[in-house]
1. Which ³J(HN,Hα) values, rounded to whole Hz and listed in residue order, are derived for segment A:166-177 from phi using the Karplus coefficients 6.51, -1.76 and 1.60 in 6.51 cos²θ - 1.76 cosθ + 1.60 with θ = phi - 60°, glycine and proline given as x?
2. List the lysines whose alpha-carbon lies under 17 Å from that of B:Lys64, not counting same-chain residues fewer than 8 positions away?
3. Mind checking which aspartates and glutamates have their C-alpha under 20 Å from B:Lys50, skipping anything on the same chain fewer than 8 residues away?
4. Specify the longest stretch of chain A that does not include any exposed loop site, a site being one of the GluC sites (Glu not before Pro) with a non-H, G, I, E, B DSSP assignment and at most 13 other Cβ atoms within 10 Å.
5. As a test of the definition: which semi-axes, in Å, follow for segment A:1-147 when you take the square root of five times each eigenvalue of its alpha carbon gyration tensor? Largest first, please.
6. Gaussian network model of chain B, Cα springs within a sub-10 Å range: biggest mean-square fluctuation belongs to which of B:Met15, B:Met162, B:Met116?
7. So, in Å, what gap is there between the alpha-carbon centers of segment A:196-217 and segment A:25-49?
8. Ignoring ligands, DNA and RNA, what percent of the accessible area of chain A is carbon or sulfur (1.4 Å)?
Amino acid sequence: MELAEFVIKTITILVVFVLTLVIAMYSTWGERKVAGFIQDRMGPNRAGPGGLLQPLADAGKMFFKEDFIPALANKWLFIAGPSLAMLTALLASAVIPFGSTFRWEGKEVVLQGVESNIGILYVFGVVALGVYGIMIGGWASNNKFSLLGAIRAASQNISYEVAMGLSLIAILMMSSSLSLGEIVSQQHGGNWNIFYQPLGFIIFLTCSFAECNRVPFDLPECETELVGGYHTEYGSMKLGFYLFAEYINMFVSSAIISVLYFGGYNYPGMDWVYDQLTGALGTQTGHNIATLIGTAVFFGKALFFIFFYMWVRWTLPRFRYDQLMNLGWKKLIPLAIFNIIITGAAVLFLKPLITAWLN
Amino acid sequence: MQLTNRSKQVSNKEMTLMERAYLPAIATGLAITLKHFFAKKVTIQYPEVKRYLGPVFRGRHILKRDEDGRERCTACGLCAVACPAEAIQIVAAEREKGEEKLYREEKYAAVYEVNMLRCIFCGLCEEACPKQAVYLRHDEFIPVFADRDQVIWGKDLLVEDMNNRYTRETWTKEEAYELNAKRANGEVTNVVPRAIP
Ligand code: SF4
Ligand code: SF4
C-alpha cells in the first residue's frame, strides 16, 4: 500500500470512528430534544446554546459518579459486559460505505473503514455478538431483574434476527452481492431498493427496532416490569457505556438502512452535479468534492432514520412480551418468506419481461 | 348521568383487517406526534421570563412604612399569633424621644424576623395586622437559598425602602402584561426587585 493511500485510509478510519462516537453522543441530546418537542416542551437548553453542551455535562457527571460493583456480582464479567456492548457496537461501523471514492494523485481510496466483499455478513455477525454484552452484564449482576432483562434481550434479538436475515435475502437476491459498497453502487441513479422492496423494508425496519432494543421493543429495559432491565445494577460510566452502545447501534442500523434501501450516498441528480464539479474544478478536486457531498447526503439519510427511531419512541407504547414474540415469529417471519418468494418470482420472470419490453 | 360527550361505549368487536395491519394506526400516531413537534411550545423560560401571577399572589413579606417614612408596625404580635407556621419572631421596644420620625407608634418592633423555611405564604399575617404593616408582595419571590444563614429574614430585608416603595400597581392580567411590556422597554422603572444583600 502506498503512503498516500495509507494516510487517507487511516484518516478515513479515524474520521469514521470519531463521527460515529460524536453522532452517538449527540443522539442523546437529540433524543431529549425530540422528546421535548413532541411533548410540547423545549428539551435541554441551558448548557450552551440550545443545550448543545449537554452531552459533555452528562458525560462529566457519569465519570464522577461512584464506580460501584455489587458485592455478589461476578467482577470480571460485570466489567466485561459494557465493554463488550461498546466494542461490538463500534465494530459494526467499520464496513459502512460512507461515500464513494477519494482521489489523490491518481489513487482511488474508498470512503469505508474496511472494504469487505462480505460486508453485510460481517455486520450481521457483529450485531449478533452484541447480545453477549447485554447477556453477560445481566448475568454478572447477580440480580433477578437484570437476568430477566438479559434473557429477554437475548431471546428477542435471536427471534428478530431470523426475520431480519430473511428480509435481507430478498435484497441479496436482487443485488447478487454481499458487499455493501456493491449494493450501494447498484442503487445509483434513483434505483433505490425501497421501490422494489417496500415490504422487505418494513420488516427490516421493525427488526432493527427490536435489535436496538428501542421502543416499542424495549422489553429488556422495561422499567415498569424489570426496574431497569439488564443494567439495573450498573452505574457510573459502565451504565454510560450501555446507553452509549445503544445509541451507536442506532446510528449503525440507521446507516445500514440507508445503505440497503435508500441508496447510501446516492442522490437524485448526482451525475449532473459530478459533471459540473469536475468540469469546473478538475477531475481530482471536483471528484473529491462530489464525494463529500455524497457523504453529507448519506449522513442526512442516516440522521433522518435516527430521528425516526426517536419519533417512534415518543409515539408508540411498548409491546407485551407475548405480543412481541407473536409478531416476530408468526407475522414477520412468514411475511419475510413471502417477500423472498415474490422477489424470486419477480427476478426470474418479471425482470426478463421488463428488460425485453424496454429494449 | 353523562359527564362528557366524549365517552364511548366499550366494544368487543373483531378488528378489521386495516386495524389488524397496525401500520395505518402507527402512521396516524406518528402524524399526531409530528404535529406536536412543530407546535408552539408552552414552556416559559423561567428566570428570564416570568409569568404574571396575579395581583393577589403571595410572595415575600414586606414591612410597610407610611407616607412620612415611619414604620407602621407596632409590635402587637397579632401576626405572630395568627401565623399557623409560627414563622414570625418579634421583639418589641419602646420609642425613645427623637425617634418619632422613625416609628409611627409608641411601641415598635426592634426585631422582626420571618423564618422563610417555616413560612407557608398563607397570608394570615397580612390579614391579622391591625396597622396595615405587613404585606406579602405580589411581584417578588423569596430567592433561592444557598445557605441556612439566608433563611431568616430580619428587618434589614423586610422593611420597605422609601425610594423604591411597594405598590400593587395592577389589578388585572391585561394591565400587568401592559406594565411588563413597558418595563421591558425601560419606560417604567418604579419597582425594582431587591436581591439579598
Ligand atoms: S404568610 Fe402565613 S406562614 Fe408566612 S409568616 Fe405570614 S402567617 Fe406565617
Ligand atoms: S406587623 Fe402588624 S400584626 Fe404584626 S406586630 Fe406589626 S402591627 Fe402587629
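1. Whole-Hz 3J(HN,Hα) from phi for segment A:166-177: 5, 5, 6, 4, 4, 4, 5, 4, 6, 8, 6, 8.
2. Candidates past the 8-residue exclusion: B:Lys101, B:Lys107, B:Lys131, B:Lys155.
3. Of all the aspartates and glutamates, those that pass the test against B:Lys50 - Cα under 20 Å, at least 8 places apart if same chain - are A:Asp40, B:Asp139, B:Glu140, B:Glu169, B:Glu174, B:Glu175, B:Glu178, B:Glu187.
4. A:106-359
5. Computed over segment A:1-147, the values are 33, 25, 15 Å.
6. Ranking B:Met15, B:Met162, B:Met116 by mean-square fluctuation puts B:Met15 first.
7. With segment A:196-217 and segment A:25-49 each reduced to a Cα centre, they are spaced 25 Å.
8. 72
The values are calculated or read from the model by the stated rules, or taken from the named source; none is laboratory data. As the structure is a prediction and not an experimental result, all values here were calculated from the model. Cβ coordinates were reconstructed from backbone atoms using ideal geometry, including for glycine residues, and neighbour counts include every protein chain displayed. We work out accessible area using only protein heavy atoms, side chains counted, and drop any ligands, DNA or RNA first. Shrake-Rupley method; radii C 1.70, N 1.55, O 1.52, S 1.80 Å.
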